[in-house]
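The values are calculated or read from the model by the stated rules, or taken from the named source; none is laboratory data. The structure displayed is predicted, hence computed values, not measured ones. Glycine gets a Cβ as well: all are built from the backbone with ideal geometry, and neighbour counts include every protein chain shown. Protein only, heavy atoms only, side chains kept; ligands, DNA and RNA dropped before computing areas. Shrake-Rupley method; radii C 1.70, N 1.55, O 1.52, S 1.80 Å.
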Amino acid sequence: QVQLVESGGGLVQPGGSLRLSCVASGSISSIYSMGWYRQAPGKQRELVADITSGGFTNYADSAKGRFTISTDNAKNTVYLQLDSLRPEDTAVYYCNADLILISGDYYPDYWGQGTQVTVSS
């Protein structure tokens, strides 16, 4: 079994910061990429940022210059630093990973359970 467990969400004022973490655990052989998506009420889930095992990053336009994705490959952990937060960043943030299991099976789009980020004064 594999688990992606997010943490770090919460309530923050506009202009504030949060750091999200996602730990992948279980029978993992390697991780191709990890990323963060978000889903606001009444909206579709959208990519925020992702990062490959080689360190290549990709950001949504709304995240560029404010959010930073990083990994600790030794810990199978991906982080998302959220700075200069705005009310429109309010959403459930989901961790996503493309995995190779010890069995050799490829599991794309493995999802965590999500963590709520609320930006409000």
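Summed over the range 74-104, residues that are open to solvent by less than 80 Å² (accessible area, probe 1.4 Å) and more than 10 Å from the chain's Cα centre (by Cα) total 15. Taking the criterion of being open to solvent by less than 60 Å² (accessible area, probe 1.4 Å), in contact with an Asp or Glu (Cβ under 8 Å, 6 or more places away or on another chain) and not basic (Lys, Arg), the residues of the range 63-73 that qualify are Phe67, Ile69. Just one of the numbered conditions (1) over 27 Å from Leu101 (Cβ atoms); (2) in a strand (DSSP E or B) is not true of Gly42: (2).
There is at least one residue in the range 45-58 that is among the aromatic types (Phe, Trp, Tyr) and either in contact with a helix residue (DSSP H, G or I) (Cβ under 6 Å, 6 or more places away or on another chain) or free of Cβ contacts under 8 Å to residues at least 12 places away in the same chain (or both).
Restricting the range 11-49 to residues that are more than 15 Å from the chain's Cα centre (by Cα) and among the hydrophobic types (A, V, I, L, M, F, W, C) leaves a set whose member that is surrounded by the fewest Cβ atoms within 10 Å (Cβ to Cβ) is Leu11. Filtering the range 109-121 to residues that are surrounded by 11 or more Cβ atoms within 10 Å (Cβ to Cβ) and of a type outside the set (Val, Ile, Thr) leaves Tyr110, Trp111, Gly112, Gln113, Gly114, Gln116. Set side by side, the residues Gly55, Gly35, Gly16, Gly65 differ, and just one is closer than 21 Å to Tyr110 by Cβ and assigned to a loop (DSSP other than H, G, I, E, B), which is Gly55.
Provide a single number: the residues in the range 99-121 that are within 13 Å of Ser25 (Cα to Cα) and of a type outside the set (Gly, Ala, Ser). Count: 6.
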